[in-house]
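I have placed the structure first, in the form of structure tokens, so that the comments after it can refer back to it.
Taken together, the values in this text are just the output of simple stated rules run on the coordinates, not laboratory data. Computed from a predicted model, the values in this text were never measured in an experiment. No Cβ is skipped: glycine too gets one built from the backbone with ideal geometry, and neighbour counts run over all protein chains shown.
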Amino acid sequence: MSLQTLRKQLHLKEVSSRELVTQTFEKIKENHELNAFITLCEKEALEAADHFDKNSTASSGALAGIPIALKDAFSTKDIRTTAGSLVLDEYIPPYDASVVKRLKWAGAIIVGKTNMDAWAHGSSGENSDYGPTKNPHDLARIAGGSSSGSAAAVAAGIVPMATGTDTGGSVRLPASFCGVVGLKPTYGRVSRYGIVAMGSSFDSIGHFTTTVHDSAAVLSVTAGHDFHDATSSSSVPVPDYTEWVGKSVKGLRVGLITDFLKEGIDPQIKVKVLQTAKELEKAGCIVEEVSLPHVEYAMACYYILVPAEVSSNLARYDGVRFGAGREAFADEAKRRIMTGTFTLSSGYYDAYYHKATQVRQLIKQDFENAFEACDVLLGPTSPTTAFKLGEKTADPLAMYLSDVYVCPMNLAGVPALSIPAGTVDSLPVGVQVVAPQYREELLFQVGSKIEKMT
Amino acid sequence: MVADVLKKENWSFRIKTSACLYATIGSMSTVDAETIDHLAKLSRLTIQTEEKNTLVTQLSDIITYIGRLSELRDSIIPVHETINGLQDVTRSDEPRDSLSPDLALQNVPTSRIRDHKIVVPGVFNSPTDL
């Protein structure tokens, strides 16, 4: 059920927050096979629900009384936060991430922390030290990563909203695989403070919902400047994004990213994207083909810059102030730390890291050029539907390449929204709308139109 | 293809060790067991012997793949500090609340706490003491 509907029901006293929270924990139990949660907070959630039921007013926050889940990379005061890694198995943060504070101010009730690839390193959810998350549409398949548990929990109807982080597609890819709406905001639109860092110049703090309206409503809560995050924007105001939901798309210029429709894409997914473009055209959009000439280098660029930032960010975990020692890092974290150490090393720095910063600039320029001709871009979120558990675990490079259509947006820092666009062989498919930096409202405008068509 | 490009350019790469020594560790696309040992040392990671062969193959694949950026010849491209255009962001130098000592010690292993302080590995000790 959507957040919007639950909010209405709570407002009309058709249901109490305690009932919603109780139902949520029943659903978690029913869906335990998904392995979507690492930590549950039943006692705290019920207390918060009772508080809401006693004290709610018409002016209660936008998420008041509504159960939500948080990716386990979000620091939660007095609630264990593992980032999916045994390094942090016993870590209890002494403070809330800024986004968690905002969600609490809006009245949201946290029911638990969701499973994820350890340190957010992964495209499938299989790199979690707590076991893989399963896809609610087919338990033999992956939910997508790295925000695997959040996507699965929303897709299974356990919670109407769950948070995620998107460093190279970690919200959009699982959203596409699980058939839910996934938002990657502009880099700097939502504070990163208190989120376990992966690639600090890439990390974008997003969320999963069942509808585009809900996605807009949640961003209106989470977006904004934060004193604790100097990269969060203080100059761009935060509108009520829901005002753009359902707005006419007539006259909007939509660029179809042709680079994503060449080899490598499942032909049936390509058809879904082309159908979406056609429907948008029927709705009055001007659809044109666009090319991002350097996008073919995006994956190589990403897998230089992000491991470099990973090796630096994970250097802090030494078991001295908190967490276990470095011997507790699992395979993927070791691979990324070592790759990053390699590319940052003397003698390699110019050929890899410096070169990649230049290529990042070229990719960003590609997007800027495309946005001179178009208001938004359209493309597939993933070249395939959810793959089988274990299918790519032995080949890390093949796993990395799952992010081929999602990581370029993180290099450019632009926002993107993955919206369900039907199914292929009974598995969900997502299409992706991309907007210029700080123009998330366009995502919701076009996204709500796409949602209506499917 | 990447390997051919590298061969043509005859690039030689060196890696800086923690002791500020330089050691040649081969071409861009070559990762061997020695490279893994060296990277593990720099990264403060312990790699088991049985992991090494797999890591040689996997890192070779990854490094060959990312090496394809050398195909791009644009050499003078201005690089901005931040992707969203923010520059020189500073905050005013005013005191503000921070974690209390008790909270800061909350997650420290008890074996490392002495007199309400954290015992850290000595800077000049051997890296194996870390």
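What number comes out for the charge environment of A:THR343, summing +1 per Lys or Arg and -1 per Asp or Glu over other residues with Cβ under 12 Å away?
Residues close to A:THR343 contribute a combined charge of 0.
Looking at this model, which pairs from A:LYS134/B:LYS41; A:LYS54/A:LYS113; A:LYS250/A:LYS388 are more than 29 angstrom apart at the alpha-carbon?
Over 29 Å apart, Cα to Cα: A:LYS134/B:LYS41; A:LYS250/A:LYS388.
Taking the Cα atoms of the protein assembly as shown, what is the range of coordinates along each of the three principal axes, in descending order and whole Å?
Result, largest extent first: 71, 65, 51 Å.
Placing unit charges on C-beta atoms (Lys and Arg positive, Asp and Glu negative, everything else neutral), compute the dipole magnitude of region A:124-245 about its Cα centre in debye, rounded to 20.
It comes to approximately 180 debye.
Report the one residue of A:ALA140, A:THR423, B:PRO101 whose Cα lies farthest in the direction of the positive end of the charge dipole of the protein assembly as shown (charges on C-beta: Lys and Arg +1, Asp and Glu -1; origin at the Cα centre).
Among A:ALA140, A:THR423, B:PRO101, the one farthest towards the positive end of the dipole of the protein assembly as shown is B:PRO101.
Given R₀ = 60 Å, what would the calculated FRET efficiency be for B:ASP115 paired with A:GLU372, taking r from the Cβ atoms and rounding to 0.05?
E between B:ASP115 and A:GLU372, to the nearest 0.05, is 0.45.
Which far-off residues, 5 or more places away or on another chain, put their amide H under 5 Å from the one on A:PHE387, with H placed in the peptide plane?
It is A:ILE142, by chain and number.
If r is the Cβ-Cβ distance from A:LYS262 to B:GLU71 and R0 is 22 Å, what FRET efficiency results, to the nearest 0.05?
So, using R0 = 22 Å, E works out to roughly 0.80.
Only Lys, Arg, Asp and Glu count, each charged at its Cβ (+1, +1, -1, -1), so figure out the dipole size of region A:3-453 about its Cα centre, rounded to 20 debye.
It works out to roughly 520 debye.
Antiparallel as a % of all DSSP beta bridges within the protein assembly as shown, to the nearest 5?
Antiparallel: roughly 75 percent of the beta bridges in the protein assembly as shown.
Hey, which of these cross-link pairs are over 26 Å Cα-Cα: A:LYS71/A:LYS104; A:LYS71/A:LYS101; A:LYS29/A:LYS272; A:LYS272/A:LYS449?
A:LYS29/A:LYS272, as the Cα separations exceed 26 Å there.
State log₁₀ I(q)/I(0) for region A:102-251 at q = 0.20 Å⁻¹ as given by the Debye formula over alpha-carbon point scatterers of equal weight, solvent excluded.
Per q value, in the given order, log10 I(q)/I(0) is -1.24.
Work from the charge dipole of region A:3-453 (Cβ charges, +1 for Lys and Arg, -1 for Asp and Glu, about the Cα centre) and give the residue of A:TYR303, A:LEU442, A:SER204 farthest towards its positive end.
Positive-end residue among those listed: A:LEU442.
Rounded to the nearest 0.05, what FRET efficiency do B:GLN87 and A:LEU139 give with R0 = 35 Å and r taken as the Cβ-Cβ distance? Could you check?
Efficiency for this residue pair is about 0.10.
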